[in-house]
Amino acid sequence: MAKDGMTFRTLFIALSLMAAPAAAQTSNMTTTDPQRLAQSVTTLASDLFEGRAPGTIGEERTIGYLVARFEALGLEPGGPDGQWVQSVPLLHTKLGKAEALGVAQGAKTTPWTFGKEVYLSTLQPKDKVGVNNAPMVFVGHGVSAPERGWDDYKGADLKGKIAVFLINDPDFEAAKGEDAFGKFGGRTMTYYGRWTYKFEEAARRGAIGALIVHDTPGAGYGWNVVVSPGGENYDLVRPADKLTSLQVQGWVEGEAAKTLFSGAGMDLAALRSQARSKSFRPVPMKGATFSAAFPVTQEVVKSANVLARIPGAKRPDETIMYGAHWDAYGKGEPDTQGRVYRAGANDDALGIAGLFEIARAFKSGSAPDRSIVFAAWTAEERGLLGSEHYAANPVWPLDKTVANLAIDILQTAGKAKDVILVGKGQGTLEDDLARFAQKQGRVVTQESLPERGLFYRADHFSMAKRGVPVLLLMGIAGASDMVEGGRAAGQAWVDAYTGKCYHQACDAIGPDWKLDGAAQDIDLMLDIGRDLATSDRWPEWKPGSEFKAIRDKSAAVRQ
Ligand SMILES: [Zn+2]
């Protein structure tokens, strides 16, 4: 990649200089310039970058452009061995046409259609995957959380079996008086509610397959979203001993699940309520077995994170990290306007544009005491893989990473009286956010649907899992109270974006974009980082956060 990357770098140095007129100080009050934001987004979302899918020519061009921009802004390489990039090899798999698929109950076999009754993918680097007449076990919510006094598994051995579980936390639908009530943040989703956690936990117990019973309220999205990847999946390239035991993993559609359970003499509705009880034990699905066999196309995709750095003048080993993801969804079917590239203008070209603005602001002042690292992650859309790779192989030690400040989607409808906080109660950085928002004359509003678990669905989470304090700005987490039009206008923007454009070709920059609100949000992240950069303060997790204990283990390093 380096060789072609160099070619593109030469091109993009010219491009970046054109895109960044000096002293374009306008009358707006933000340090972040909405016009420069728009220029960066326009470039990144242009057809030249082909929707920025990992492993494509679009990636090479994107990386060339990112490096050129950071270099032009006067930053240093922040990757391993003095490089701009950290390579991230990805496993890409796609299931072919099913050779066998269905359930059997006694003498009765029921064929299932891929995408209709069941949706599957695999993280196995193999040419064929399958399970043959594997016994199925219902494991409730599939949660093992000793610190919350909860264990759905009760030591059950899942070797050679298919784990079948419910989505979300045990307390998602719990009523007062039930054991689970309030144990997992109430309606707020915890990591235990995420499908990623459930698959990992089932694999730790030796399961060879895992199926989540889909329900729209619990998942936060419909069946159409479940099936949209079409049998594709991505993972980091892992050594053989670190591979998941799951041959296939996925979802069973809600109605098909009901039929399956009743065929095994089980009542899904009754089991749902039992699964909210502490005494719940896994229930073998009498006589029910699952079979699936698929050819797999698999390849290793060479991708990369881009890392840029401003070394601290006094305590360079302490790092404040800003992150956004460069990848988007690449090429798809033409939409009604004939657009084929799903270029993620907002998600997350705008976040990357924000990083450039923040880097520019830091370089315009005197050197910070602590170091600032800018991370442009790959493969966020494939499961937070670029940030996960970094967090597992950090270039700058995590125990001395002061904070990870992440931008992933900002509202583009203009100025707002508030900023939306994702993950309330997790850490002290939310207090910093409130303090600096107040200086802008704004307030903090909590995300509107904490049960969707957005806190676990962006790159900052890869750092949080390792204890690094995080703050995420994600404009779709709730309706902003817009200066023009109030909360209703904010809701209209969220509905329009999530309903039509999220992950579609329609996530494009247009004349309707008003970036003065996004510029204020980016200024907030800048202000928080600037304050930390000249301080010896270490943000912390709040009591009750599942990440506090992890951070506290390395407290001595920060004395
Ligand atoms: Zn995103």
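The values are calculated or read from the model by the stated rules, or taken from the named source; none is laboratory data. Predicted model only: the values in this text are computed from it and were never measured. Glycine also receives a Cβ, built like all others from the backbone with ideal geometry; neighbour counts cover every protein chain displayed. With ligands, DNA and RNA removed, areas are computed over all heavy atoms of the protein, side chains included. Shrake-Rupley method; radii C 1.70, N 1.55, O 1.52, S 1.80 Å.
May I ask you to say which residue of VAL494, VAL483 is in contact (Cβ under 8 Å) with a residue 40 or more places away in the chain, more than 12 Å from the ligand (Cβ to nearest atom) and under 15 Å from ASP347 (Cα atoms)?
Within the list VAL494, VAL483, the selection yields VAL494.
Counting residues that are more than 14 Å from PHE199 (Cβ to Cβ) and among the β-branched types (Val, Ile, Thr), which helices (runs of 4 or more DSSP H) fully inside the range 212-263 reach at least 2?
By residue number, 223-227.
Mind listing just one residue for me: the one in the range 311-328 that is outside any strand (DSSP E or B) and under 22 Å from MET525 (Cα atoms) and, of those, most open to solvent (accessible area, probe 1.4 Å)?
LYS314
Which residues, taken from the range 428-466, are within 16 Å of the ligand (Cβ to nearest atom), acidic (Asp, Glu) and either closer than 18 Å to TRP541 by Cα or buried (at least 23 other Cβ atoms within 10 Å of the Cβ) (or both)?
Hit for the range 428-466 is ASP459, nothing else.
Tell me, yes or no, whether the range 360-373 has at least one residue that is within 16 Å of the ligand (Cβ to nearest atom), hydrophobic (A, V, I, L, M, F, W, C) and crowded, with 24+ Cβ neighbours inside 10 Å.
no
Of the conditions (1) surrounded by 15 or more Cβ atoms within 10 Å (Cβ to Cβ); (2) among the hydrophobic types (A, V, I, L, M, F, W, C); (3) over 24 Å from PRO135 (Cα atoms), ILE212 fails just one. Which one is it?
(3)
With respect to GLY383, is the statement that it is within 14 Å of the ligand (Cβ to nearest atom) and surrounded by fewer than 22 Cβ atoms within 10 Å (Cβ to Cβ) true?
Yes: the conditions hold for GLY383.
How about the range 480-538: which of its residues are in a helix (DSSP H, G or I), closer than 11 Å to ALA416 by Cβ and open to solvent by 60 Å² or more (accessible area, probe 1.4 Å)?
Hit for the range 480-538 is ARG487, nothing else.
For the range 47-82, which residues satisfy the criterion of being touching a residue at least 60 places away in the same chain (Cβ under 8 Å) and surrounded by fewer than 17 Cβ atoms within 10 Å (Cβ to Cβ)?
Correct list: ASP47, GLY74, GLU76, PRO80.
Any residue at all in the range 297-310 that is part of a loop (DSSP other than H, G, I, E, B), of a type in the set (Asp, Glu), away from the ligand (no atom under 16 Å from the Cβ) and out of contact with any Pro (no Cβ under 6 Å at 6 or more places or on another chain)?
no
Does the range 347-359 hold any residues that are within 12 Å of the ligand (Cβ to nearest atom) and in contact with a Leu (Cβ under 7 Å, 6 or more places away or on another chain), and which are they?
Of everything in the range 347-359, those that are within 12 Å of the ligand (Cβ to nearest atom) and in contact with a Leu (Cβ under 7 Å, 6 or more places away or on another chain) turn out to be ALA349, LEU350, ILE352.
Suppose the filter is of a type in the set (A, V, I, L, M, F, W, C), part of a strand (DSSP E or B) and either open to solvent by 10 Å² or more (accessible area, probe 1.4 Å) or closer than 30 Å to VAL557 by Cα (or both); does ALA293 pass it?
Yes.
Looking at the range 547-559, I want the residues that are surrounded by 14 or more Cβ atoms within 10 Å (Cβ to Cβ) and have a partner that is not in a helix (DSSP H, G or I) with Cβ atoms under 6 Å, at least 6 apart or on another chain. Which pairs are those?
PHE547/GLY467; PHE547/TRP541; LYS548/TRP541; ILE550/GLY467; ARG551/GLY467; ARG551/TRP541
Among the numbered conditions (1) more than 27 Å from GLU76 (Cβ to Cβ); (2) in contact (Cβ under 8 Å) with a residue 40 or more places away in the chain, tell me where GLY467 comes up short.
Exception for GLY467: condition (1).
Can GLN411 be described as at pLDDT 95 or above and either open to solvent by 50 Å² or more (accessible area, probe 1.4 Å) or not charged (D, E, K, R) (or both)?
Answer is yes for this residue.
In the set LEU101, LEU158, LEU120, LEU166, which member is farther than 28 Å from GLN274 by Cα and not aromatic (Phe, Trp, Tyr)?
Going through LEU101, LEU158, LEU120, LEU166 in turn, just one is farther than 28 Å from GLN274 by Cα and not aromatic (Phe, Trp, Tyr): LEU101.
Tally up the residues in the range 226-259 that are in contact with a helix residue (DSSP H, G or I) (Cβ under 8 Å, 6 or more places away or on another chain) and open to solvent by 70 Å² or more (accessible area, probe 1.4 Å), please.
Residues flagged as in contact with a helix residue (DSSP H, G or I) (Cβ under 8 Å, 6 or more places away or on another chain) and open to solvent by 70 Å² or more (accessible area, probe 1.4 Å) within the range 226-259 amount to 1.
Restricting attention to the range 395-405, does a residue exist that is more than 14 Å from the ligand (Cβ to nearest atom), open to solvent by 10 Å² or more (accessible area, probe 1.4 Å), among the acidic types (Asp, Glu) and in a helix (DSSP H, G or I)?
yes
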